[in-house]
1. If you take the residues in the range C:40-58 that are facing another protein chain (nearest Cβ under 8 Å) and over 11 Å from the mean Cα position of the chain (by Cα), which one is surrounded by the most Cβ atoms within 10 Å (Cβ to Cβ)?
2. Check off (1) open to solvent by less than 10 Å² (accessible area, probe 1.4 Å); (2) in a helix (DSSP H, G or I); (3) aliphatic (A, V, I, L, M) for A:Leu87 and give me the number that stays unchecked.
3. Of everything in the range A:200-220, what is in contact with a helix residue (DSSP H, G or I) (Cβ under 8 Å, 6 or more places away or on another chain) and either more than 8 Å from every other protein chain (Cβ to nearest Cβ) or exposed (fewer than 11 other Cβ atoms within 10 Å of the Cβ) (or both)? Give them in sequence order.
4. Based on this model, can you work out whether C:Val20 counts as of a type in the set (A, V, I, L, M) and within 16 Å of ligand 2 (Cβ to nearest atom)?
5. Quick check, is C:Gly6 more than 16 Å from ligand 1 (Cβ to nearest atom), within 22 Å of B:Ala39 (Cβ to Cβ) and either open to solvent by less than 70 Å² (accessible area, probe 1.4 Å) or within 9 Å of another protein chain (Cβ to nearest Cβ) (or both)?
6. Of the residues that sit in the range B:41-63 and are closer than 21 Å to A:Ser93 by Cα and open to solvent by 10 Å² or more (accessible area, probe 1.4 Å), which one is nearest to ligand 2 (Cβ to nearest atom)?
7. Out of the residues in the range B:94-107 that are facing chain A (nearest Cβ under 7 Å) and touching a residue at least 12 places away in the same chain (Cβ under 8 Å), which is surrounded by the fewest Cβ atoms within 10 Å (Cβ to Cβ)?
Amino acid sequence: MGELKLMKGNEAIAEAAIRAGVDAYFGYPITPQSEVIEYLMAEKPYETTGMVVLQAESEVAAINMVYGAAGTGKKAMTSSSSPGISLKQEGISYMAGAELPCVIVNVVRGGPGLGTIQPSQADYFQAVKGGGHGDYHMIVLAPASVQEMADFVTKGFDLAFKYRTPVMILSDGLIGQMMEKVIMPEHTPRWTDEEIIEKWPWATTGKPGSRERNIITSLDLDSGRQEQHNIHLQKKYKEIHENEIEFEEFMCDDADYLFVAYGSSARIAQKAIKLGREKGIKAGLLRPITLYPFPAEAIHRLAKQVKGILSLELSAGQMVEDIRLSVGCDIKVEHFGRMGGIIHSPAEALQALEDKIIGG
Amino acid sequence: MKEEVLSDIINVENLVYKKTPLMTDNILSYCPGCGHGTAHRITMEVLEELGVWKDTIGIAPVGCSVLAYEFMNVDMQQAAHGRAPALATGIKRCWPHKVVFTYQGDGDLAAIGTAETIHACNRGENIVIIFVNNGIYGMTGGQMAPTTLPGMKSSTSPYGRDVHIMGNPLKITELVAELPGVRSVTRQAVHTPGNVRKAKRAIRKAFENQLKYKEGLNFVEIVSNCNSGWKMTPVHSNKWMEENMFPYFPLGDIKVDGEIVNK
Amino acid sequence: MAKFKGAIVVDIDRCKGCEVCIGACPHDVIGMSSEVNIKGYKYSYMVNPESCVGCANCAVVCPDGVITVYRKRIEQ
Ligand SMILES: Cc1ncc(C[n+]2csc(CCOP(=O)(O)OP(=O)(O)O)c2C)c(N)n1
Ligand code: SF4
Ligand code: SF4
């Protein structure tokens with residue numbers, strides 16, 4: 001049985017990390033996610049579970065500390081917010097290339113540039129399309145509650161190690177700062193060094209006489225081999241598509257209209273749907289839980305049922321592009337969203353549905 | 001000498017020097033006469049002699065030695081340009097009983113990776129840093145490095161390094177020696193048998209420190225040549241190094257057991 | 001008096017002809033071949049094998065680690 005707690009989203013990530021048997025957290029302060037490292041430093045898990053917690057000199061250093069630790073088969077994670085995540089892109093690309101598992105949390109704030117410290121979902125493109133250089137993807141999980149902030153730590157590491165790939169938890173300032181009830185999982189012990197050596201034969205844990213040396217690298221100067229490596233990565237992404245898509249449907253059975261929204265926008269969409277139903281507007285919600293892989297088939301299926309789709313995002317409209325690629329039929333697909341840290345209200349969202357989809 | 005005498009000498013029981021098995025059989029990707037090869041080899045010899053190679057994780061930089069993992073027969077990770085000390089931090093913090101070292105060039109360690117270097121040193125990460133300073137960006141074709149000497153020509157300082165425009169060479173080794181987190185700092189060379197032997201002793205001491213004291217970073221600079229970048233023959237480049245590099249980057253111990261011994 | 005006789009074996013195809021070993025030898029044992037190896041480099045060899053004492057100086061400085069050194073004690 002888990003333990004019921006009242007916590008901020010950011011704290012839930014930190015507590016869940018300790019309980020998930022995470023080996024190391026490397027971070028750098030930035031609003032609105034600093035509570036993650038603050039909570040860890042206050043809890044001192046290095047004295048209980050043995051988890052390493054270190055404040056790095058920059059996000060660049062933090063992600064590269066994660067690289068080093070992950071390369072030895074340890075469960076390593078970092079968290080940041082948008083400007084810091086931009087700095088981590090180099091490391092993420094290298095980790096994708098070197099096939100290293102890790103969890104990266106982005107508690108998104110408004111941009112571009114230094115932008116604002118208020119919530120935003122404007123890092124969608126960066127998260128799902130690659131972000132750094134080269135042909136790669138991360139698995140991207142989008143929590144819509146404090147509970148999911150906690151749950152996705154374990155889920156993220158499971159996926160990261162299953163596919164040897166970086167996993168991002170794409171949250172936002174709202175979910176990060178919000179307090180909610182959360183059931184914390186039981187403690188899972190950290191893997192012992194022996195378990196790691198047995199589980200992850202690729203890890204650089206020191207070369208015994210009995211095996212060849214292990215090398216963690218993203219480099220291969222031979223174009224033929226580098227192409228093969230890329231083909232291998234693409235196969236992996238295809239497998240991820242086949243096995244790992246997750247989404248949630250809300251009041252879709254009889255829906256004439258569909259909201260597609262993730263994270264905090266999904267919560268707002270649910271309220272908008274209830275408001276709409278009071279007025280006789282039958283709308284439903286498809287909430288992608290994995291943004292990469294994207295639930296394209298589910299959208300394709302629902303597109304045949306509904307008259308129009310509104311993508312609700314705290315951005316100028318990013319996910320809407322993927323929705324348009326998914327529908328595969330001639331229905332209206334529009335975007336509505338506020339920017340700069342302003343959060344759309346349910347009434348605004350419903351109004352946008354009426355204006356852009358029903359009336360438009 | 002007669003054939004039979006030679007075959008009498010060339011015999012396993014008379015063997016005095018042989019490439020360590022901790023260097024793989026891959027042909028080194030370095031230019032003829034480049035000090036990287038020697039620096040690799042003595043590092044591996046030390047790990048062999050200390051008997052810790054099974055528990056060693058090394059980190060290759062970006063630079064000519066990017067492929068160090070092709071030559072060093074221990075578990076290795078390859079880092080993004082300048083980030084090796086951050087990787088080493090991640091590894092050593094998670095596996096405190098393992099031996100961890102980075103191997104980095106001057107561009108890697110003292111330009112793009114300055115922050116990672118200084119902060120790993122300042123935190124006293126219990127690792128060894130082997131820093132090969134050849135005063136130039138070898139891999140990318142001889143551009144100016146943070147350690148390029150005043151007046152020295154490179155492809156991005158074709159009229160010589162003008163310190164008023166390009167700044168002075170960075171003595172990062174002296175800089176990190178000031179940090180309490182750093183236990184030992186030394187500057188060596190590998191172009192003569194005597195220097196190689198000294199450098200090897202220094203590297204051995206650095207690894208011994210890592211094993212003996214559970215904290216503190218041990219830093220070994222090797223002033224080396226880049227005959228391709230300097231556009232000289234290997235033998236000439238070594239002479240040029242003695243005449244020009246050593247006065248600016250004097251050899252010897254800088255910090256021993258936490259005490260500065262030579263400024 | 002005990003004297004040492006030495007000999008080196010050069011892994012010819014790995015030698016890059018940098019000549020660093022030549023100057024490192026205190027007894028002028030080493031010279032460069034007139035032929036080239038598979039890589040197109042001239043390679044080092046013992047021009048004066050009688051003078052070799054097996055001090056390993058050449059092997060120690062050889063960047064490519066291609067020299068193996070042997071030394072035998074000769075009673076005189
Ligand atoms: C982020 C990034 N910037 C630039 C480069 C290009 N680059 C590769 S090696 C190098 C310089 C390496 O010089 P140094 O560290 O002195 O090593 P050397 O090659 O001289 O041994 C540069 C600039 C890169 N690979 N990555
Ligand atoms: S370019 Fe310079 S540093 Fe690089 S291998 Fe050649 S000599 Fe060595
Ligand atoms: S030092 Fe080594 S590579 Fe250079 S010439 Fe001598 S044997 Fe050949």
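1. The extreme case among them is C:Tyr41.
2. If we test A:Leu87 against (1) open to solvent by less than 10 Å² (accessible area, probe 1.4 Å); (2) in a helix (DSSP H, G or I); (3) aliphatic (A, V, I, L, M), just (1) comes out false.
3. A:Trp200, A:Ala203, A:Gly209, A:Asp220
4. yes
5. no
6. B:Gly63
7. B:Lys98
Residue by residue, here is whether (1) in the same structural domain as A:His335 (by TED's automatic domain parsing); (2) outside any loop (DSSP other than H, G, I, E, B); (3) farther than 25 Å from A:Ala261 by Cβ holds:
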{"site": "A:Gly91", "(1), (2), (3)": "no, yes, yes"}
{"site": "A:Ala96", "(1), (2), (3)": "no, yes, yes"}
{"site": "A:Val103", "(1), (2), (3)": "no, yes, no"}
{"site": "A:Gly113", "(1), (2), (3)": "no, no, yes"}
{"site": "A:Thr116", "(1), (2), (3)": "no, no, no"}
{"site": "A:Ala127", "(1), (2), (3)": "no, yes, no"}
{"site": "A:Gly131", "(1), (2), (3)": "no, no, no"}
{"site": "A:Gly134", "(1), (2), (3)": "no, no, yes"}
{"site": "A:His137", "(1), (2), (3)": "no, no, no"}
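The values are calculated or read from the model by the stated rules, or taken from the named source; none is laboratory data. These numbers were taken from a predicted model, which means no experiment stands behind them. Cβ atoms come from the backbone with ideal geometry, glycine included; neighbour counts cover every protein chain shown. These accessible areas exclude ligands, DNA and RNA; they are computed on the full protein's heavy atoms, side chains included. Shrake-Rupley method; radii C 1.70, N 1.55, O 1.52, S 1.80 Å.
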